[in-house]
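Working notes, structure below.
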Ligand SMILES: O=C(O)CCC(=O)c1ccccc1C(=O)O
Ligand SMILES: [Mg+2]
């Protein structure tokens with residue numbers, strides 16, 4: 001296994017209730033050689049994964065595990081890519097063959113637009129742009145400002161996007177009292193789900209919010225408590241699966257399977273990764289039958305990427321690249 005560091009900047013910072021995300025640092029991971037070379041990416045984001053230092057240490061020692069999910073993701077993705085390339089199939093077909101309920105992966109995945117925190121006017125403009133670009137689903141970052149401003153932002157979004165599926169992601173910012181008020185407003189505006197309304201550790205608080213007329217999705221809680229605990233606590237209607245935070249494509253599909261078996265839906269998103277991990281997440285999403293819109297439309301947030309995007313967003317969806325592996329020969333310059 002070989003790895004090398006990279007850094008990519010966002011063209012505009014993504015403002016969230018946990019602060020802005022301005023750039024992403026990580027490692028490109030390679031395993032094998034020749035036609036059986038596989039490519040992976042380890043791009044840690046503290047809060048969801050280990051630190052950059054701990055990620056590098058785990059890759060250097062060659063022993064990434066569940067305590068270093070980004071490092072494990074890099075290696076697991078590279079190995080799966082190598083297997084797919086050796087077999088001559090798309091990564092998603094290789095992953096499907098390894099066992100979801102179907103052995104058939106989709107050719108395209110619906111994706112949501114991601115609208116960062118901002119003024120009511122900025123929010124309105126970004127939602128309008130997303131609808132004009134063909135997105136059927138729009139996710140708003142909320143929780144950084146006062147609840148009244150977020151309510152105005154949600155109302156403005158609904159007004160300019162009457163037919164869109166709206167979602168809101170509070171990144172754990174609210175108290176239980178604020179969350180109750182905000183979920184009631186979200187229900188009135190027919191918001192599909194509110195993601196991480198309460199801090200990650202508040203399993204019982206989230207369980208109490210379920211059934212208020214708007215679905216509850218959990219993201220950060222999965223990184224700290226794991227899928228089993230969340231499902232056992234009936235704390236979510238939807239799981240937000242980030243392959244980088246869960247330790248790789250294999251772990252992500254296992255989580256999706258467990259969620260579906262419990263009647264809980266699963267969407268796949270990125271931690272705003274570079275092209276390799278973004279494509280990996282796209283292949284994972286393609287394996288989940290009838291996956292709802294996923295948070296994978298994050299490539300356009302990067303000022304520059306490691307390679308041209310082989311799966312650009314068009315009309316609110318991403319086409320899964322032809323294989324073999326992640327993207328056929330489109331990423332050739334990154335393999336060596
Ligand atoms: O889900 C999306 O639309 C994009 C991804 C996203 O919001 C995100 C990106 C980086 C870190 C955290 C998050 C998050 O979902 O909270
Ligand atoms: Mg989230």
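The numbers here are math on the coordinates, done by the rules we state, and not lab data. Predicted, not measured: the structure shown is a model, and the values here were computed from it. Virtual Cβ from ideal backbone geometry, glycine too; neighbours counted across all protein chains shown.
If the viscosity is 1.306 mPa s and the temperature 10 °C, what translational diffusion coefficient in µm²/s does Stokes-Einstein give for segment 2-90 when Rh comes from Kirkwood over Cα pairs? Translational diffusion coefficient: 115 µm²/s. Helix 69-87 axis versus longest C-alpha principal axis of the chain: approximately 50°, rounded to the nearest ten. With distances taken between every two different alpha-carbon atoms, segment 202-262 has a Kirkwood hydrodynamic radius of 11.6 Å. Ordering 150, 57, 163, 66 by the number of other Cβ atoms within 10 Å of each residue's own Cβ, fewest first, gives 163, 66, 57, 150.
Going by neighbour counts of Cβ atoms within 10 Å, the residues 2, 85, 257 line up, fewest first, as 2, 257, 85. Mind running the shape call on segment 174-229? Use the C-alpha gyration tensor, a ≥ b ≥ c as the square roots of the eigenvalues: rounded below 1.5 for a/c, prolate if a/b tops b/c, oblate otherwise. It is prolate, given that a/c is not under 1.5 and a/b is the larger ratio.
Suppose R0 equals 30 Å; then what is the FRET efficiency for residue 2 and residue 315 from their Cβ-Cβ distance, rounded to the nearest 0.05?
E(calc), rounded to 0.05, equals 0.20.
In terms of its C-alpha gyration tensor, segment 133-283 has an oblate overall shape, because the principal axis ratio a/c (a ≥ b ≥ c, square roots of the eigenvalues) is not below 1.5 and a/b does not outweigh b/c. For the peptides 221-229, 138-146, 196-204, the ranking by mean Cβ contacts within 10 Å, running from highest to lowest, is 138-146, 196-204, 221-229. Let me make sure I get this right: for segment 29-136, a, b and c are the square roots of the gyration tensor eigenvalues over alpha carbons, sorted descending. Under 1.5 in a/c it's rounded, otherwise prolate if a/b > b/c, else oblate. Which is it? Taking the square roots of the gyration eigenvalues as a ≥ b ≥ c, segment 29-136 is oblate. Rounded to the nearest 0.05, what FRET efficiency is calculated for residue 159 and residue 65 with R0 set to 45 Å and r the Cβ-Cβ distance? Efficiency, from the Cβ-Cβ distance: 0.40.
Note on segment 104-158: the alpha carbon radius of gyration divided by the globular reference 2.2 N^0.38 Å gives 1.29. Counting only alpha carbon atoms, the long axis of helix 249-261 and the longest principal axis of the chain meet at about 40°. Can you pull a Stokes-Einstein diffusion coefficient for the chain at 10 °C (1.306 mPa s), Rh from Kirkwood over Cα pairs, as a whole number of µm²/s? Answer from the Stokes-Einstein relation: 80 µm²/s.
If you stretched the chain out fully between residue 152 and residue 201, how much longer would it get, using 0.36 nm times the residue separation minus the C-alpha to C-alpha distance?
14.8 nm
Taking 7 Å steps out from each Cα toward its Cβ at residue 12 and residue 176 produces label points 3.8 nm apart. Of all DSSP beta bridges confined to the chain, the antiparallel ones make up roughly 50%.
Potential lengthening of the chain between residue 307 and residue 232 amounts to 22.9 nm, from the contour at 0.36 nm per residue minus the alpha-carbon distance. Extending 7 Å from the Cα toward the beta-carbon at both residue 33 and residue 290 defines two label points whose distance is 4.8 nm. Take the alpha carbon atoms of segment 39-80, find their center, do the same for segment 5-21, and report the distance between the two centers in whole angstrom. Rounded to whole Å, the Cα centres lie 19 Å apart.
Taken along the Cα-to-beta-carbon direction at a fixed 7 Å, the label points for residue 103 and residue 119 span 5.7 nm.
Hey, quick one: spin label on residue 189, modelled 7 Å out along Cα-Cβ, who in segment 12-45 has an amide N within reach, i.e. under 12 Å? No residue qualifies, since no backbone N sits under 12 Å from the label point. Can you tell me the 0 to 90 degree angle between the C-alpha axis of helix 147-160 and the longest principal axis of the chain, rounded to 10? With rounding to tens, the tilt is 80 degrees.
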